[in-house]
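The values are calculated or read from the model by the stated rules, or taken from the named source; none is laboratory data. Just so you know, these numbers come straight off a predicted model, no measurement behind them. FYI the Cβ positions are ideal-geometry reconstructions off the backbone, even for glycines, and counts take in every protein chain you see.
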Amino acid sequence: MCAQKSNPGEIMMAQLSQSELDNIMKLHQMYMKGHHGGQRAVIKFKNLTGLSFRGQDMSHADFTGSCLINCDLSGGKFVSATFFACDMRRANLEHASFVRADFRGAFVAGANLSGADLKSADLREGKIMEKGAEGYLADRVRRDGQNAPVAKTVFTGARMMETNLSGVRAGSADFSDADLSNVRIQGADFRGANLEGANLSHSDLSGTDLRGAALKNAILEKTTMAMVETEGADFSNTVTEKPTGDEVSNLERPLSELLKDHVQWVKTGGKNGKQLDLSGFDLRELEDLSKYSLTAMKAVGANFLNQNFSNVEMQSSIFDESDFRDCLFVNADVRGSTFKDARLSRCDFTGANLSPLIFHGSDGAIKRIQPVSMMGATLRYSVLRNAKMAGVRLKNADLSYADFTGADLRKADLTGAKLEGAIFANALMEDVLMDGGTEYL
């Protein structure tokens, strides 16, 4: 927690209540209007975890070094505000204005910046020093462990759809796995920035400096790259509008007919019809895939980017090594399916059923149990709130910053999984297999 001092060089923070913050904001409004008795908000090194600034005008306020985890800044105005070295993990910043704001060295992982305006904001490196117990200057230790001479500004996994980043200075900033779709990044400085795995589809990067930037595995579908500096940038394995696999037009028959045959195959237990196999196909442009029952289909190494599978039945299917980044599985039924080594970053499985399929014999006794397998899969920044996941196999999966709030994970296998920043609030964890000593929220 931000208020605790558990590491050398970590600053002790006083906790503010919502009523105390409300009073500070009232005085700041008076200051902004030039009223007598007003006072500019200077809230340095304070713990503001979970507090609300919703709809407030806090322009020119100074939050240097403060903790704003899970804070609500949505719809607010923070023009030229200072968030230098702030911890803003999972904060709600949607539709707020941060024009010319100072985010140097801020830790904004997993935050929601949808529709926010960061025009000309400063996202460069930055770090705070403090006087240690012996009187010497020491590095402030940040939650992500960065204690180098300067700390990168971190926006990993942030939701930044339709955000305005025009003219920002983001040299060496970390946007890995962030959703930057439909974003304006015109004339920005992204030299040396980390954009690995980020979704930049339909974004406009015209005139942006990407020299030395890392864009490995990034999604660049219909991204405007006019007059972009790219010397030394890594574009390996990026996804563009060009097919990443076989095209649907090369199927032996129209997909609608194959889907109907598949439904017959499922209904008759394989006696009639034929199992649908879309392994290796690029299926991004399909608009009617979710209209069908996808039970027991096969699609190994397929591309499903941005597809909507909400409320779809897709039990006992094989999706190993497929790319499902940014897909919706809200309330989907995926019981007994396998997603081994699949890419599922930024997916939404809210309320989905990932329970095992249970097969009974003629005498009614349980004959076989088939759990969902996501072994080795990547679910970074995915949402699995209230999902039914009893017995799910997540061995060696990357679950960094995934949200399992309220999920049923009883008897799940998480051995070897990466759990940095993962949230397990109110989750059912009885008999979960997990490496000893692992910390999670």
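Take E430 and decide whether it is under 28 Å from S176 (Cβ atoms), acidic (D, E) and surrounded by fewer than 23 Cβ atoms within 10 Å (Cβ to Cβ).
When the stated conditions are applied, E430 does not pass them.
Return the only residue of S345, S355 being part of a loop (DSSP other than H, G, I, E, B), over 19 Å from D323 (Cα atoms) and either modelled with pLDDT of 95 or more or out of contact with any Lys or Arg (no Cβ under 8 Å at 6 or more places or on another chain) (or both). Break it down stepwise before answering.
On the way: S345 fails: over 19 Å from D323 (Cα atoms).
Result of the check over S345, S355: S355.
Could you list, in sequence order, the residues of segment 273-315 that are assigned to a loop (DSSP other than H, G, I, E, B), of a type in the set (D, E) and touching a helix residue (DSSP H, G or I) at 6+ places or on another chain (Cβ under 8 Å)?
Quick first cut of segment 273-315, residues assigned to a loop (DSSP other than H, G, I, E, B) only: 273-276, 278-280, 283-288, 292-297, 299-302, 304-307, 309-312, 314-315.
Restricting the remaining residues to those that are of a type in the set (D, E) gives 285, 287-288.
Scanning segment 273-315 gives E285, D288.
Give the residue that is nearest to D117 (Cα to Cα), with candidates limited to residues of segment 38-53 that are touching a residue at least 24 places away in the same chain (Cβ under 8 Å) and within 27 Å of the chain's Cα centre (by Cα).
F53
Look at S316 and say whether it is touching a residue at least 40 places away in the same chain (Cβ under 8 Å), surrounded by fewer than 22 Cβ atoms within 10 Å (Cβ to Cβ), of a type outside the set (K, R) and in contact with a strand residue (DSSP E or B) (Cβ under 8 Å, 6 or more places away or on another chain).
Here the answer is yes, as S316 does meet what is asked.
Can you name the residue in segment 372-397 that is buried (at least 22 other Cβ atoms within 10 Å of the Cβ) and without any contact (Cβ under 8 Å) to a residue 24 or more places away in the chain and, of all such residues, is nearest to L414 (Cα to Cα)?
Here the answer is L394.
Could you say which residue among A96, A81, A111, A121 is at negative phi, surrounded by 21 or more Cβ atoms within 10 Å (Cβ to Cβ), out of contact with any Leu (no Cβ under 8 Å at 6 or more places or on another chain) and of a type in the set (A, V, I, L, M, F, W, C)?
A81
Just a yes or no: is a residue in segment 216-239 over 22 Å from the mean Cα position of the chain (by Cα) and either within 26 Å of L379 (Cβ to Cβ) or among the basic types (K, R) (or both)?
no
When segment 44-60 is examined, which residues are found to be closer than 23 Å to G110 by Cα and surrounded by 17 or more Cβ atoms within 10 Å (Cβ to Cβ)?
F45, K46, N47, L48, T49, L51, S52, F53, Q56, M58
Each row is one residue, and each column tells you yes or no for (1) touching a Phe, Trp or Tyr at 6+ places or on another chain (Cβ under 8 Å); (2) surrounded by fewer than 18 Cβ atoms within 10 Å (Cβ to Cβ).
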{"position": "A214", "(1), (2)": "no, no"}
{"position": "N217", "(1), (2)": "no, no"}
{"position": "E221", "(1), (2)": "no, no"}
{"position": "E229", "(1), (2)": "no, yes"}
{"position": "Q264", "(1), (2)": "no, yes"}
{"position": "Y292", "(1), (2)": "no, no"}
{"position": "K298", "(1), (2)": "no, yes"}
{"position": "A302", "(1), (2)": "yes, no"}
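Against the condition modelled with pLDDT under 95, surrounded by fewer than 16 Cβ atoms within 10 Å (Cβ to Cβ) and under 26 Å from the mean Cα position of the chain (by Cα), how does A3 come out, does it pass? Please lay out each step first, then the result.
On the way: modelled with pLDDT under 95: yes; surrounded by fewer than 16 Cβ atoms within 10 Å (Cβ to Cβ): yes; under 26 Å from the mean Cα position of the chain (by Cα): yes.
Spelling it out, A3 is indeed modelled with pLDDT under 95, surrounded by fewer than 16 Cβ atoms within 10 Å (Cβ to Cβ) and under 26 Å from the mean Cα position of the chain (by Cα).
Counting only residues that are over 18 Å from D333 (Cβ atoms) and at pLDDT 95 or above, how many does segment 283-302 have?
Initial filter on segment 283-302 (over 18 Å from D333 (Cβ atoms)): 283-288, 300-302.
Filter once more, so that each one left must be at pLDDT 95 or above: 300-302.
Residues in segment 283-302 being over 18 Å from D333 (Cβ atoms) and at pLDDT 95 or above: 3 in total.
Quick one: what pairs do we get from segment 247-260, first residue farther than 18 Å from T295 by Cβ, second surrounded by 14 or more Cβ atoms within 10 Å (Cβ to Cβ) and of a type outside the set (A, V, I, L, M), C-beta under 7 Å, 6+ apart or different chains?
From residues that are farther than 18 Å from T295 by Cβ, the pairs are E247/D282; V248/F281.
Scan segment 358-371 and tell me whether some residue there is surrounded by 21 or more Cβ atoms within 10 Å (Cβ to Cβ) and not basic (K, R).
Yes, some residue in segment 358-371 is surrounded by 21 or more Cβ atoms within 10 Å (Cβ to Cβ) and not basic (K, R).
Listed residues T244, T238; which is in contact (Cβ under 8 Å) with a residue 40 or more places away in the chain, surrounded by 17 or more Cβ atoms within 10 Å (Cβ to Cβ), farther than 24 Å from S120 by Cα and in contact with a strand residue (DSSP E or B) (Cβ under 9 Å, 6 or more places away or on another chain)?
Values: T238 fails: in contact (Cβ under 8 Å) with a residue 40 or more places away in the chain.
None of the others qualify; the one that does is T244.
Give the residue that is surrounded by the fewest Cβ atoms within 10 Å (Cβ to Cβ), with candidates limited to residues of segment 177-205 that are within 21 Å of F98 (Cα to Cα) and among the hydroxyl-bearing types (S, T, Y).
S181
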